[in-house]
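Input: a single structure, listed below in structure tokens.
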Amino acid sequence: MYAMYGTWLVLLILSQTHGHCMCQNRTTNFRPNIVMVMSDAFVFKLFISLLLKDGRMTFDPGSRVVQLPYLNYLRELGTVFLNAYTNSPICCPSRAAMWSGRFAHLTESWNNYKCLDPNATTWMDMLQQNGYNTLSVGKLDYTSGSHSVSNRVEAWTRDVPFLLRQEGRPVTDLVGDASTTRVMTKDWRTTDVATQWIRHKAAALSQPFALYLGLNLPHPYVTDSLGPNAGGSTFRTSPYWLEKVMPELITVPKWLPLSDMHPVDYYSTFTKNCSGNFTEQEVRKIRAFYYAMCAETDAMLGQVISALRDTDLLDTTVLLFTSDHGDLAMEHRQFYKMSMFEGSSHVPLLIMGPGVKSGLRLSQPVSLVDIYPTVLEMGGVAVPGGLSGHSLLPLLSQSAVRPTQPRPDWVLSEYHGCNANASTYMLREGRWKYITYADGLSVPPQLFDLTVDKEELHNVASKFPDVCRHLDKLLRSAVDYPQVSQAIRLYNKQQFAAWRKSLGDNYTQVIANLRWHLDWQEDVENNEKAIDEWLMTSGFSSEKLKLSVF
């Protein structure tokens, strides 16, 4: 069945092209349906690497590492943003930025536990208030209070100068057989709900609709053998999806020696349980399973496209596909996210529908906060002030009204959660990616020239001090990052102290049995002492101390 997708999609592209062109001639009163599919951990760096020399993907299975026919369908009929970024490379803060249209430091989305208030106004709320029939299903994950106790405690204590493994070592898990198509059954059930709603409700509506489908894939699965507080370190798929991957095309990423890694990157590698030895076969297998999980995600997108096509709604619907962040999939000796490297911070953003240019590939830097004003403008809803993002419609459509002020030529991403022992700020402008930490002084910055160093292995900050000064000044115009970092340090201490107090006499037992329990038990006394000393420090005085642990 899957082998027939290529032929079917070619026919579908031919049959739909005419309709999409005609949609650009609709009156200005036309309000399209809006459907957004947001996956988790989908790395766009991989997606770009699949391109052929002519800039297009084909259905020839020998031309790329994994079959993603429905993403290719969006590419053919819509616009692709080649430099789209998350505003925070972790689930909840990233989605908070997308739903609110505001940077993480403005919403104070500091970690997977601290994000938006449940009453925050999202762009979906705005569409509903202005006549859209709306439905949000699946992974929303943008309000405060979720995720495990381990996850939040690790975020709060990231400034404590100890090194403890917090995740399970990345592993693979092959399940089912060659006919097993539904591995992530929760996502498939959610996709079924969305597509049934399209077929049975949306098709009968007299007003426009907006549908959001949030997926967990291709996020790694929880490693059940590690207990109830385990992290997601299992890459799971079936032979069916693994057949969509070309193993001979899988690359093994280059790694810096541990001694040459930036101190924050080393901390991330260690706490993610990736500092041990990995064979080349292990790395290839992890990456193959990850790509197979991407193929399963693509098929869920395909089910949505099929539902829209079968109900004659595809021609009047704007369809967006994006992700909250990527997955390093063993690049830089890491898996997971929580990093400003491209595999973690670079996300897909593809849009197709009425009035959207077909086959357009845009290199302008954009980010998830741009989705809020974009969908509102598409729906004919007035865009409120105070947003961090800018509408993408002027880039997508020739008929769009030109903005009174040009959009910035840079994007901002920031990270304040676990697995990184300093608040991290990234500015992408042109060829440069600038990454700075904490107060900008106590932890060395990084600068990568992405035109010549696509693997981000050569930090050239010391070679281009003028570039660093320029980008740092630009960054400070968007966020007073030393002040934000200081506020987060205070928040972390307050939250941890309150949590410890709430446990009373159970504190010692509880903290010893979180995800880091194996390493914690090796030196309980010194670990508890390190926390006590950390709680008594102030300012950035401990920054240099934490660098010394590497």
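Miscellaneous remarks
- Of all residues in region 103-130, those satisfying the criterion of being surrounded by 21 or more Cβ atoms within 10 Å (Cβ to Cβ), in contact with a Ser or Thr (Cβ under 6 Å, 6 or more places away or on another chain) and outside any helix (DSSP H, G or I) are 103, 114, 115, 116.
- For region 523-538, the criterion of a residue being in a loop (DSSP other than H, G, I, E, B), open to solvent by 40 Å² or more (accessible area, probe 1.4 Å) and at pLDDT 95 or above is satisfied by at least one position.
- Here residue 337 fulfils each of the conditions (1) part of a helix (DSSP H, G or I); (2) crowded, with 24+ Cβ neighbours inside 10 Å; (3) among the basic types (Lys, Arg) apart from (1).
- Restricted to region 270-307, and to residues there that are polar (S, T, N, Q) and touching a strand residue (DSSP E or B) at 6+ places or on another chain (Cβ under 9 Å), the residue that is most open to solvent (accessible area, probe 1.4 Å) is 273.
- Residue 195 being open to solvent by less than 80 Å² (accessible area, probe 1.4 Å) and not in a helix (DSSP H, G or I): no
- Qualifying residue in region 79-90 (condition: more than 14 Å from residue 416 (Cα to Cα) and assigned to a loop (DSSP other than H, G, I, E, B)): no
- Considering the conditions (1) at pLDDT 95 or above; (2) crowded, with 18+ Cβ neighbours inside 10 Å; (3) within 21 Å of the chain's Cα centre (by Cα), residue 153 is excluded by exactly one of them, (3).
- One residue from 343, 326 being in a helix (DSSP H, G or I) and either buried (at least 24 other Cβ atoms within 10 Å of the Cβ) or under 9 Å from the mean Cα position of the chain (by Cα) (or both): 343
- Whether a residue is open to solvent by 30 Å² or more (accessible area, probe 1.4 Å) and under 17 Å from residue 80 (Cα atoms) was assessed, and residue 368 does not pass this test.
- Taking region 243-269 as the range and being farther than 30 Å from residue 155 by Cβ and crowded, with 20+ Cβ neighbours inside 10 Å as the test, the residues that pass are 244, 245.
- Residue match in region 474-483 (condition: among the charged types (D, E, K, R), more than 22 Å from residue 153 (Cα to Cα), surrounded by fewer than 17 Cβ atoms within 10 Å (Cβ to Cβ) and touching a residue at least 40 places away in the same chain (Cβ under 8 Å)): no
The values are calculated or read from the model by the stated rules, or taken from the named source; none is laboratory data. Computed from a prediction, not measured in an experiment: that's the story for all the values here. So basically every Cβ, Gly included, is an ideal-geometry build from the backbone, and we count neighbours across all protein chains shown. Side chains included, ligands, DNA and RNA excluded: accessible areas come from the protein's heavy atoms. Shrake-Rupley method; radii C 1.70, N 1.55, O 1.52, S 1.80 Å.
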